[in-house]
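Working notes for the structure below.
The values are calculated or read from the model by the stated rules, or taken from the named source; none is laboratory data. Computed from a predicted structure; not experimentally measured. Note that each Cβ is placed from the backbone with ideal geometry, even for glycine, and that neighbours are counted across all protein chains shown. Note: areas computed on protein heavy atoms with side chains; ligands, DNA, RNA excluded. Shrake-Rupley method; radii C 1.70, N 1.55, O 1.52, S 1.80 Å.
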Amino acid sequence: MKQHAATKTHVLKEKATISSGNILSHFQNRTPQIVNKVAAAELGLVYHNVKHHHSYASLDCGNKLCGDIFGDFEVAQKMSCGRTKGECMVKNVLATKSVEDFLQVLRDPMKTSLFFSIATDASNKVNRKIFPVCIQYFDPCKGIEHKLLNFIEQAEESADCIYKLLSENLKSHSLYIKNVSAYSADNANVNFGKRHSVYELLKADNSNIIKANCSNHVLHNAIKYAIDRLDIDVENIVLKVYNHFSVSAKRREELKNFFEFVHLEWSEIIRHAPTRWLSLGPAI
């Protein structure tokens, strides 16, 4: 034992052990009251982050900033909520609580008629296809409510797969197709085709479901054909106006003088993207 204790390896390890702190020093001894306050503060910070559409990465910086600004407060010093913890709070706490709250309203016959409409549409993110399942209902205390029931990734976009996705989600949340008053989606054949579509499959389970097509697409198509009868190309003019003023600071300043002359508040010229047809209205 004396010979082993004198070896170089043992001496180095002994020095490392002496210089290393106790592992218990990394755990904070906090009372339940402080733990609850810290958890509430972190959750409030995460909720603010989501409400204003900030990145999860901003939590890493924001959390450290709170500790520096409010260093005199024990709660601020003990907050440790970064992007990973913040994402878990959103998925497992805020989202779950949000769904539970409006499901409780739908299941209470004293607050609502229990009837609701559903809506979904595929949203592509690179090579991923995601379906949000949305609920709309009338609350006598708050009026018309729009809620997100679920957000599901699914590669298939056939009528049978979308119908299965909707029916299984409703069933898993103890909601029933017989209480669905309307189905809303875009006007593609997979959603509202006469032969085989999501609407026809839902209607087979509930004959009272109303077809709620996308009114924006209908209105857009009507105006599109009406504009074709004009002598000018409105969309082309909007694009040219933006291009004229977006490339020159001098032209932008001259445009400001026109705003002052007609006593209008200055606003930037908005760019219209042809692939995003809803941007044409604000641009005009």
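Brief remarks follow.
- Here the ratio of the Cα radius of gyration of the stretch 168-284 to 2.2 N^0.38 Å is 1.67.
- Taking N as its residue count, the alpha carbon Rg of the stretch 87-144 over 2.2 N^0.38 Å: 1.40
- Rg and Dmax, both from the Cα atoms of the stretch 71-177 and both in Å, are 17.8, 59.
- Per-bin percent of Cα-Cα distances, the stretch 2-106 [5 Å]: 2, 10, 15, 15, 13, 10, 7, 6, 6, 6, 4, 2, 1, 1, 0, 0
- Note on the chain: with charges restricted to the Cβ of Lys and Arg (+1) and Asp and Glu (-1), its dipole about the Cα centre is near 1000 debye.
- 10 Å binning of all Cα-Cα separations within the stretch 172-217, expressed as whole percents from 0 upward: 29, 51, 20, 1
- Helix axis angle, 159-172 relative to the chain longest principal axis, alpha carbon, degrees: 50
- When each of the peptides 135-147, 177-189 is scored by how many other beta carbons lie within 10 Å of its residues on average, the order from highest to lowest is 177-189, 135-147.
- Computed lengthening from Asn92 to Asp228, 0.36 nm per intervening residue step minus Cα-Cα distance: 43.9 nm
- Taking the charge dipole of the chain about its Cα centre, with +1 at Lys and Arg Cβ atoms and -1 at Asp and Glu Cβ atoms, the residue from Gly67, Leu202, Ala188 reaching farthest to the positive side is Gly67.
- The gain in end-to-end length when the Phe258 to Asp60 segment is fully stretched comes to 66.8 nm, 0.36 nm per residue minus the alpha carbon separation.
- Calculated accessible area for the chain comes out at 72 Å² per residue, all protein chains present (probe 1.4 Å; ligands, DNA, RNA ignored).
- Computed with the Debye formula from one identical point scatterer per Cα of the chain, without solvent, the log10 of I(q)/I(0) at q = 0.07, 0.12 Å⁻¹ comes to -0.52, -1.07.
- Kirkwood radius, the stretch 45-110, all distinct C-alpha pairs, inverse of mean reciprocal distance: 13.4 Å.
- Each peptide among 200-210, 114-124 gets the average number of other Cβ atoms lying within 10 Å of its residues, and from highest to lowest they stand as 114-124, 200-210.
- Most mobile listed residue (Val234, Val198, Val99) in the chain, GNM with C-alpha springs under 10 Å: Val234
- The portion of the accessible surface of the chain made up by carbon and sulfur, rounded to a whole percent, is 57 (1.4 Å probe; DNA, RNA and ligands excluded).
- In the chain, helices alone account for a calculated mean residue ellipticity at 222 nm of -14500 deg cm²/dmol, with every DSSP H run of four or more residues adding -39,500 (n - 2.57).
- Residues of the stretch 151-167 with an amide N closer than 14 Å to a point placed 7 Å from the Cα of Arg128 along the Cα-to-Cβ direction: 151-155.
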